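Okay, so here's the structure we're looking at.
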Amino acid sequence: MSLYLVMTSGPDHGRQTALQDHEIVLIGRGELCGVQLNDPSASRVHCRVTTAKGRVYLEDAGSRWGTLVNGTPVESRELLPGDCITIGDSEIELQRRQTRATTISPARKRKLANPLTEPEEFTADDFRRSGGKLFEQTPAVRLVDLVGETFSRYRVGAVVARSRSGIVFRALETSKNRTVALKIFWPDFFREERNIQRFLRAVRTTLPFEHENLIQLHAAGRHAGLCFTAAEFIEGESLTAIIDRVGVAGMLDWRKAWRVAVGVTQALQFAHEKNIVHRNLCPDNVLVRSEDQVVKLGGLMLAKALDEVSDARITQPGELVGDAHYLAPEQLAGETHIDQRADLYSLGAMLYAILTGRPPFVGSVADVIRKALGSSPHPPTKYHLAIPAMFEGIVLRLLAKRRRSSNPTPELLTATRPGGPPGA
């Protein structure tokens, strides 16, 4: 029996899309989505609907504002006829039969394929190894179903985090009996085979990188048609959690923010010396290890993969990579040449949020972009009076629209160490 996604409210009210068996349908604002929404509150790729053997599954794709089914936020679940998906101002109902509608359109198809049987993997010990030609089609797998299964040489455990690029699992590398952070990328993230090849090139480049303030990459590559990375597992807290706690419980001691600044700065120095621009420096990518409070920056390998992509971009023109609250004005404006100064702005935005419990600009995504392009943030001391003037000055210089402060060195930041500046 035919199944349809029917727009019951929102800018696309009345449109319906037929679902075919053994397909993945992307839903979002992006032009590659099979169900393309004219809803500004939807992410470029907001969620995905998989149809297999007459059953329909929905999975959030790391969207900014989340996906609701029957009013409840979900990460993944099976859909039944009558279920209502809410995305921003749009509501989409799964219906069993065709109804009277303004527009009937087939979804842009992404056929499912059988997974590969042989892995293509690069390890720190053998990162020169490469594999054969990749499947151009998407493997028939729901990432959350990997929990409890074996993926390559990893026993997949609980979901740790989700993002627009994939899911991070806690996993056990059985051959070495060590816990790793296993990230498996969404099947449609790289979109084209040439982008996957750029990802594999980035793996070969970044595997040898080691730095105290970088999350160490152990292995990466492709297995069963899915790109993945296996990295050092950090027992600790993300800056996102710290900022959320500051926003609820009150201001964080500025000295802790200073220690984060030094750690991230040291990691950025290392990356910039390798001519790598991170591009997506945000609280989710920074962890503070519990045992010793060492600051760890992640996402460098994906940053290198994005650097590799030039004429064939992983992202589409005008698409934002990352959280708009922490992106530099030039990224928000859609400029194609992004350099190290973008990372400096993002560093300043993170420090601002750690100190105050809020990013420099708040509001809807459209409001944040407008303010970031045309306004200056309030001084952090408006929200946190105890911040030393010298530290506040560094943060505000990092947030300058143009002619941003040169990369702050750990030596410069020691000027604001506890007991350093006057009145600290």
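All of 69, 49 fail the test of being β-branched (Val, Ile, Thr), outside the structural domain of residue 161 (by TED's automatic domain parsing) and under 22 Å from the mean Cα position of the chain (by Cα), apart from 49. For the stretch 18-53, filtered to residues that are in contact (Cβ under 8 Å) with a residue 60 or more places away in the chain and acidic (Asp, Glu), the residue that is surrounded by the most Cβ atoms within 10 Å (Cβ to Cβ) is 23.
Of all the criteria given as (1) over 19 Å from residue 324 (Cα atoms); (2) surrounded by fewer than 20 Cβ atoms within 10 Å (Cβ to Cβ), the one not satisfied by residue 64 is (1). Once the stretch 357-382 is narrowed to residues that are in contact (Cβ under 8 Å) with a residue 60 or more places away in the chain and hydrophobic (A, V, I, L, M, F, W, C), the residue that is farthest from residue 256 (Cα to Cα) is 366.
Only residues that are in contact with a helix residue (DSSP H, G or I) (Cβ under 7 Å, 6 or more places away or on another chain) and in a strand (DSSP E or B) were counted across the stretch 12-42, and they come to 0. Checked against the criterion of being of a type in the set (Gly, Ala, Ser), surrounded by 22 or more Cβ atoms within 10 Å (Cβ to Cβ), modelled with pLDDT of 85 or more and closer than 30 Å to residue 146 by Cα, the candidates 298, 236 yield just one match: 298.
Residue 51 meets each of the listed conditions (1) out of contact with any Asp or Glu (no Cβ under 6 Å at 6 or more places or on another chain); (2) part of a strand (DSSP E or B) apart from (1). With respect to (1) of a type outside the set (A, V, I, L, M); (2) at pLDDT below 90; (3) closer than 21 Å to residue 341 by Cβ, the lone exception for residue 254 is condition (3). Please identify the pairs in which a residue from the stretch 141-152 that is farther than 18 Å from residue 59 by Cα and at pLDDT 90 or above has its Cβ atom under 9 Å from the Cβ atom of a residue that is part of a helix (DSSP H, G or I) and of a type outside the set (Lys, Arg), counting only partners at least 6 apart or on another chain. Short answer, once both residue conditions are applied: none.
So which residues in the stretch 352-375 are under 11 Å from residue 329 (Cα atoms) and either in contact with an Asp or Glu (Cβ under 7 Å, 6 or more places away or on another chain) or part of a loop (DSSP other than H, G, I, E, B) (or both)? Of everything in the stretch 352-375, just one residue is under 11 Å from residue 329 (Cα atoms) and either in contact with an Asp or Glu (Cβ under 7 Å, 6 or more places away or on another chain) or part of a loop (DSSP other than H, G, I, E, B) (or both), namely 375. For the stretch 72-89, the set of residues classified as modelled with pLDDT of 90 or more and crowded, with 18+ Cβ neighbours inside 10 Å consists of 79, 85, 86, 87, listed by residue number. The residues listed here are 277, 260, 246; of these, the one that is among the hydrophobic types (A, V, I, L, M, F, W, C), modelled with pLDDT of 90 or more and assigned by TED's automatic domain parsing to the domain that holds residue 338 is 260. Within the stretch 1-17, if we keep just the residues that are buried (at least 16 other Cβ atoms within 10 Å of the Cβ) and of a type in the set (A, V, I, L, M, F, W, C), the residue that is farthest from residue 95 (Cα to Cα) turns out to be 7.
Only one of the listed residues (383, 352) is in the same structural domain as residue 323 (by TED's automatic domain parsing) and at pLDDT below 90. That residue is 383.
When the stretch 338-350 is filtered for residues that are within 14 Å of residue 268 (Cα to Cα) and either among the basic types (Lys, Arg) or in a helix (DSSP H, G or I) (or both), the ones remaining, listed by number, are 340, 341, 342, 343, 344, 345, 346, 347, 348, 350. On the given criteria, is residue 364 among the small types (Gly, Ala, Ser), at pLDDT below 85 and touching a Lys or Arg at 6+ places or on another chain (Cβ under 6 Å)? So residue 364 does not fit the description; no. Out of all the residues in the stretch 186-195, is one or more hydrophobic (A, V, I, L, M, F, W, C) and not in a loop (DSSP other than H, G, I, E, B)? Within the stretch 186-195, not a single residue is hydrophobic (A, V, I, L, M, F, W, C) and not in a loop (DSSP other than H, G, I, E, B).
The values are calculated or read from the model by the stated rules, or taken from the named source; none is laboratory data. Just so it is clear, the model here is predicted, and its values are computed rather than measured. No Cβ is skipped: glycine too gets one built from the backbone with ideal geometry, and neighbour counts run over all protein chains shown.
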